[in-house]
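Written below as structure tokens is the structure these notes are about.
The values are calculated or read from the model by the stated rules, or taken from the named source; none is laboratory data. On a predicted model such as this, the values are computed, not experimentally measured, just so you know. Glycine also receives a Cβ, built like all others from the backbone with ideal geometry; neighbour counts cover every protein chain displayed.
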Amino acid sequence: MSIEVIPTGAAAGAEIRGVDLSQPLEDATFAAIDDAYNTHGVIFFRDQRIAPPQQVAFTRLFGEIEFNIFSERWSVPGSPEIVVVSNITQDGQPIGIKRAGENWHSDMCYTARPPRGTMLYALEIPNLGGLPLGDTEFASAAVAWDNLPDALRRRIEGRYATFDFTGRKRAFPPKQSEIDRNPPVRHPIVRTHPHTGRKCLYAMRDDCTAIEGMAQAEAELLIAALADHIVKPAHIYRHQWWVGDVLMWDNCTVQHRAIQDYDMPLRRLMHRTTMGGSVPV
Ligand code: SIN
């Protein structure tokens, strides 16, 4: 296979052409994909046709599959590694998690070892008279760090924030056992990417509830300012989905949010897998 990596021209993202993900990948092809993933933070492949076992096998190339609170509720029958993300209801019951990720976040930042990244395979995309809806936005936390003034960099580097599972209002109320399994954790506000060595801001509203050694009012102002800085328009790539897209993002390099501009009878159906990561440093 000869692959092409075409950057989006935005602060993150590249399209990869010349790969059929339903076929086994040669080592050199995988190495080129892995490199593009690390470099661009978001990569996507158009026009793919993959069955659940192929998505699981492709995900495993990047890290062990991570199970999260959604897996227990909405996994694909026969494929517990894949979570259904969808607004579709059948017989009055949701078939997947609805309104997943509607606010800016980095996946499972409330865990001690957040996932390396997440993959979505687009099976149905809402379309209003030819206009695709349900885009996903990605904000580069690496470019946001690059664009931060030196004085503010010096003020935050080496500092740790508290990440609290209960800080964010979720698409559904978590069970007490899930809250008990996810006590607050601490992570650096400035992370170093484990593969590229790039520095990335790691702060967001709701999940980040405090900064160690800082008065609460000052910490809240700082978290809000950093969260807003990360998602400035200059840092964003907005992905307009096509059916057959396989897209994956890196949870250190980018934050993301799903645009909720559609509802039934317009249907959106995604299969999501998540790959294990390392402790942020
Ligand atoms: C998510 O945050 O995992 C969902 C993103 C999407 O559905 O576009």
Name the pairs whose Cβ atoms lie under 7 Å apart, with the first residue in region 89-107 and over 19 Å from THR273 (Cα atoms), the second near the ligand (Cβ under 10 Å from one of its atoms) and of a type in the set (Gly, Ala, Ser), and 6 or more positions between them or separate chains? none
Filter region 57-77 down to the residues that are in a loop (DSSP other than H, G, I, E, B), on the phi < 0 side of the Ramachandran plot and not acidic (Asp, Glu) and list them by number. LEU61, PHE62, PHE67, ASN68, ILE69, PHE70, SER71, ARG73, TRP74, PRO77
Tell me, which residue of region 88-106 that is within 12 Å of the ligand (Cβ to nearest atom) and at pLDDT 95 or above is surrounded by the most Cβ atoms within 10 Å (Cβ to Cβ)? SER106
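Here's the yes/no breakdown for (1) away from the ligand (no atom under 16 Å from the Cβ); (2) more than 29 Å from THR196 (Cα to Cα); (3) surrounded by fewer than 18 Cβ atoms within 10 Å (Cβ to Cβ); (4) aliphatic (A, V, I, L, M):
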position: VAL19; (1), (2), (3), (4): yes, no, no, yes
position: ILE33; (1), (2), (3), (4): yes, no, no, yes
position: ALA51; (1), (2), (3), (4): yes, yes, yes, yes
position: ASN68; (1), (2), (3), (4): no, no, yes, no
position: ILE82; (1), (2), (3), (4): no, no, no, yes
The condition of being within 16 Å of the ligand (Cβ to nearest atom) and part of a loop (DSSP other than H, G, I, E, B) holds, among PHE172, PHE138, only for PHE172
For region 190-218, which residues satisfy the criterion of being buried (at least 21 other Cβ atoms within 10 Å of the Cβ), in a loop (DSSP other than H, G, I, E, B) and not aromatic (Phe, Trp, Tyr)? ALA203, MET204, ASP207
When region 219-231 is examined, which residues are found to be more than 20 Å from THR253 (Cβ to Cβ) and crowded, with 19+ Cβ neighbours inside 10 Å? ALA219, LEU222
Just checking, does region 206-216 include any residue being on the phi > 0 side of the Ramachandran plot and more than 16 Å from the ligand (Cβ to nearest atom)? yes
